[in-house]
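The values are calculated or read from the model by the stated rules, or taken from the named source; none is laboratory data. Everything numeric in this text was worked out from a predicted model, so none of it was measured. So basically every Cβ, Gly included, is an ideal-geometry build from the backbone, and we count neighbours across all protein chains shown.
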Amino acid sequence: MSRHGFVPPPYPYDRLIPVREVAARHEGGAIDLSIGTPCDDPPPAVVEALCSSGSERGYPPSIGTAALRGAAARWLHTRFGVELAESRVAACVGTKELVVGLPHWLRLRDPSRDTVLYPSVSYPSYAMGAELAGCRAVPVPVDEHWRIDLSAIADDDARRALCLWVNSPANPTGAVDDLVAAAAWGRARGIPVLSDECYAEFTWSGDAVGELGLPGRTILEAGPDGVLAVHSLSKRSNLAGVRVGFYAGDAALVEYLSEVRKHSGLMVPGPAQAAAVAALGDQDHVVAQRERYRSRLERLRSLFGAMGLDAPMPEGGFYLWIAAPGGDAWALTERLAAELGVVVSPGEFYGPASTGHVRVAVVQPDDRIELIIRRAG
Ligand SMILES: Cc1ncc(COP(=O)(O)O)c(C=O)c1O
């Protein structure tokens with residue numbers, strides 16, 4: 001039978017199976033630094049909240065419990081100084097489903113537009129969401145610092161745009177972007193700017209925004225109108241397995257999306273919402289997690305540096321973004337598997353503009369990082 005419809009492409013990380021087999025030949029097995037999945041424990045009080053909410057029986061509110069929406073609004077205030085009404089906050093089942101679902105829902109709302117703009121070196125789900133919605137996925141070039149170059153967006157693409165995605169600190173490059181400028185660009189054209197901020201807690205270039213000369217660590221610092229900030233508990237609080245995040249910002253967008261999502265049956269399980277409330281109320285575990293990532297980044301950076309690779313400290317996030325010798329990322333991926341038993345991601349997973357780099361996620365426990373250093377001798 002011939003197929004004419006959509007055929008899903010191979011899932012990027014499935015393409016690493018042969019690399020994983022090579023890495024696994026090392027004593028102690030493969031050390032997987034390819035997927036950005038947290039490995040450290042969430043705080044015990046968060047696990048306790050997950051187990052003791054008593055919210056298993058009934059359906060949870062799709063938009064999020066009052067407790068979760070309030071906790072998110074308070075966290076935005078304490079962490080970023082942003083004042084936002086709880087009515088402008090809504091829950092999502094982890095942020096990947098929201099990222100992928102948004103183009104479809106935005107297109108239903110405005111069928112005269114068909115284009116999703118996103119950084120050319122980025123998390124692949126921005127493009128996949130466009131594709132699954134039957135939209136045009138139009139990458140926006142990034143500059144030499146991996147920051148989105150808004151001046152490169154063609155007028156016609158802007159006229160057709162349903163949204164612009166920005167991601168700061170960025171996966172995979174770690175770049176910290178000017179979110180205030182992105183908000184202004186969108187407002188001037190009536191295009192919603194969707195700001196994926198799941199690495200916002202992990203910034204390394206001095207927490208002082210001024211030092212980078214870049215205003216804004218959440219787009220909400222530029223005000224909520226015409227923008228959405230998208231936040232996840234997955235990275236901040238090591239809760240990727242619990243599936244909870246939230247989006248916040250423009251009142252009409254939050255209202256529209258929360259209604260569509262309610263009709264779609266998208267609900268964060270009650271116990272997961274309770275866990276998120278506990279997690280958002282605590283900053284100490286984030287401080288400890290920051291130090292773990294910072295130390296792993298520094299240790300692996302010096303190891304790769306000693307191998308002659310250029311592995312700069314990222315401005316944010318928990319990935320090293322390493323230029324491959326000769327621009328051959330697959331060759332470097334295979335070399336690291338053979339020499340060190342580690343699995344990393346070749347840059348092409350993050351778009352055709354990324355083929356000369358590899359991404360290394362520092363998401364293995366410290367004893368495994370130690371083992372990599374021992375293997376390097
Ligand atoms: C940039 C970015 N956005 C969103 C996500 C999705 O995270 P989650 O669905 O766990 O909230 C990830 C996960 O790796 C990511 O790197």
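Some values worked out for this structure:
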item	result
Residue, surrounded by the most Cβ atoms within 10 Å (Cβ to Cβ), within the range 119-128, restricted to residues that are more than 11 Å from the ligand (Cβ to nearest atom) and assigned to a helix (DSSP H, G or I)	127
Residue tally, condition closer than 25 Å to residue 125 by Cα, aliphatic (A, V, I, L, M) and away from the ligand (no atom under 16 Å from the Cβ), over the range 77-108	2
In the range 294-311, the residues that are out of contact with any Asp or Glu (no Cβ under 9 Å at 6 or more places or on another chain) and part of a helix (DSSP H, G or I)	294, 297, 298, 300, 301, 302, 303, 305, 306
Test: residue in the range 141-148 that is among the acidic types (Asp, Glu), in a helix (DSSP H, G or I) and farther than 16 Å from residue 198 by Cα	no
Of residues in the range 79-110 being surrounded by fewer than 20 Cβ atoms within 10 Å (Cβ to Cβ) and modelled with pLDDT under 95, the one farthest from residue 198 (Cα to Cα)	81
Pairs with Cβ under 6 Å, 6+ apart, first in the range 90-101 and of a type in the set (A, V, I, L, M, F, W, C), second part of a helix (DSSP H, G or I) and within 7 Å of the ligand (Cβ to nearest atom)	99/125; 100/125
Odd one out for residue 113, checked against (1) part of a loop (DSSP other than H, G, I, E, B); (2) more than 18 Å from residue 191 (Cβ to Cβ)	(2)
Residues satisfying the stated conditions in the range 4-57, i.e. among the acidic types (Asp, Glu) and either more than 16 Å from the ligand (Cβ to nearest atom) or over 19 Å from the mean Cα position of the chain (by Cα) (or both)	14, 21, 27, 41, 48, 56
Meets criteria (among the acidic types (Asp, Glu), farther than 23 Å from residue 235 by Cα and assigned to a helix (DSSP H, G or I)) for residue 339	yes
Flag if residue 76 is assigned to a helix (DSSP H, G or I) and either within 19 Å of the chain's Cα centre (by Cα) or buried (at least 19 other Cβ atoms within 10 Å of the Cβ) (or both)	yes
